[in-house]
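Participant: Please see the structure below; I have some questions.
The values are calculated or read from the model by the stated rules, or taken from the named source; none is laboratory data. Nothing here was measured: the structure is a model prediction, and the numbers come from that model. Note that we place each Cβ from the backbone using ideal geometry, even for glycine, and neighbour counts take in every protein chain shown.
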Amino acid sequence: MIVGLGNPGSQYEQTRHNAGFWFLDRLAQDYHATLRAESKFHGSVAKAIIHGRDVWLLRPDTFMNLSGQSIVALSHFYKIAPEQILVVHDELDLSPGTVRIKQGGGHGGHNGLRDTINKLGSKMFARLRIGIGHPGDKSRVHDYVLHRASQDDQIAIDIAIQNAISEIDLIVSGDRDKAMNRLHTKN
């Protein structure tokens with residue numbers, strides 16, 4: 001299962017906090033999967049065949065701070081273990097254009113991850129962290145993530161997303177270390 005985190009609604013569509021949505025939308029397009037609203041999963045879902053495997057794609061409609069509600073609904077329904085979930089999200093601590101893969105860990109102050117950990121009861125899901133940069137001061141984070149990136153930053157983020165998608169076969173097949181090494185040398 002691959003989940004892209006973000007906030008629903010046109011007012012949030014182009015904001016940095018929606019980097020997970022951008023990734024998921026591009027992945028769905030590349031794999032010819034059509035996301036459809038499913039109220040029982042509190043989001044839009046599609047099934048894609050990636051590296052010969054059926055993979056559920058999820059775009060929660062619950063807003064970032066309640067992402068876990070949607071993730072748990074789909075993962076419990078299809079009996080998907082936390083270790084089989086990849087959550088794609090924006091990352092303040094990485095510069096735009098940087099992508100990192102991580103298995104497990106804490107929430108690092110990210111409310112979407114915090115809710116996912118709480119609702120799943122596990123930290124053992126994988127994360128694909130898409131760098132959006134940091135505004136420099138903690139008091140400016142909320143405003144920063146809910147606004148558009150500069151043109152240069154957006155280009156860097158788009159390239160990072162494409163680089164990550166080019167490694168999705170390795171990620172889905174379980175060879176995350178190889179994918180991570182390849183991604184880390186690209187940025």
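A quick yes/no check of all residues on (1) within 15 Å of the chain's Cα centre (by Cα); (2) surrounded by fewer than 17 Cβ atoms within 10 Å (Cβ to Cβ); (3) closer than 16 Å to Met1 by Cβ:
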residue: Ala81; (1), (2), (3): no, yes, yes
residue: Leu92; (1), (2), (3): yes, no, no
residue: Ser95; (1), (2), (3): no, yes, no
residue: His107; (1), (2), (3): yes, yes, no
residue: Lys119; (1), (2), (3): no, no, yes
residue: Ser122; (1), (2), (3): no, yes, yes
residue: Pro135; (1), (2), (3): no, yes, no
residue: His142; (1), (2), (3): no, yes, no
residue: Ile157; (1), (2), (3): yes, no, no
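Participant: Restricting the first residue to region 99-120 and requiring it to be assigned to a helix (DSSP H, G or I), which pairs with a second residue that is basic (Lys, Arg) meet a Cβ separation below 8 Å and a spacing of at least six or different chains?
Facilitator: Cβ pairs passing all conditions: Leu113/Arg127; Ile117/Lys123.
Participant: Counting only residues that are charged (D, E, K, R) and free of Cβ contacts under 8 Å to residues at least 40 places away in the same chain, how many does region 139-151 have? Steps first, please.
Facilitator: First pass over region 139-151, keeping only residues charged (D, E, K, R): 140, 143, 148.
Checking which are free of Cβ contacts under 8 Å to residues at least 40 places away in the same chain leaves us with 140, 143.
Total satisfying the criteria: 2.
Participant: If you go through region 1-21, how many residues are over 16 Å from Arg148 (Cα atoms), not in a loop (DSSP other than H, G, I, E, B) and not small (Gly, Ala, Ser)?
Facilitator: Here the count works out to 2.
Participant: Further, regarding this structure: With the condition being in contact with a Leu (Cβ under 9 Å, 6 or more places away or on another chain) and crowded, with 21+ Cβ neighbours inside 10 Å, I'd like the strands (runs of 3 or more DSSP E) fully within region 22-77 carrying at least 1 qualifying residues.
Facilitator: Working: elements: 36-38, 43-50, 53-60.
Per the criteria, 43-50, 53-60.
Participant: Could you please tell me which pairs satisfy a Cβ distance under 7 Å, a separation of 6+ or placement on different chains, a first residue in region 76-89 that is closer than 26 Å to Gly131 by Cα, and a second residue that is surrounded by fewer than 18 Cβ atoms within 10 Å (Cβ to Cβ)?
Facilitator: Pro82/Ser122; Pro82/Met124; Glu83/Met124
Participant: Kindly provide the set of residues from region 159-183 that are of a type in the set (Lys, Arg) and free of Cβ contacts under 8 Å to residues at least 40 places away in the same chain, ordered by number. Please lay out each step first, then the result.
Facilitator: Quick first cut of region 159-183, residues of a type in the set (Lys, Arg) only: 176, 178, 182.
Passing the criteria: Lys178, Arg182.
Participant: Which of the residues that make up region 102-139 are modelled with pLDDT of 95 or more and acidic (Asp, Glu)?
Facilitator: The answer is Asp115, and nothing else.
Participant: Given the structure, is Gln154 assigned to a helix (DSSP H, G or I) and either in contact with a Phe, Trp or Tyr (Cβ under 6 Å, 6 or more places away or on another chain) or under 22 Å from Trp56 (Cα atoms) (or both)? Walk me through it before giving the result.
Facilitator: Values: assigned to a helix (DSSP H, G or I): yes; either in contact with a Phe, Trp or Tyr (Cβ under 6 Å, 6 or more places away or on another chain) or under 22 Å from Trp56 (Cα atoms) (or both): no.
No.
Participant: Does at least one position in region 84-92 carry a residue that is more than 28 Å from Leu183 (Cα to Cα) and of a type in the set (Asp, Glu)?
Facilitator: Filtering region 84-92 for residues more than 28 Å from Leu183 (Cα to Cα) gives none.
Taking every residue of region 84-92 in turn, none turns out to be more than 28 Å from Leu183 (Cα to Cα) and of a type in the set (Asp, Glu).
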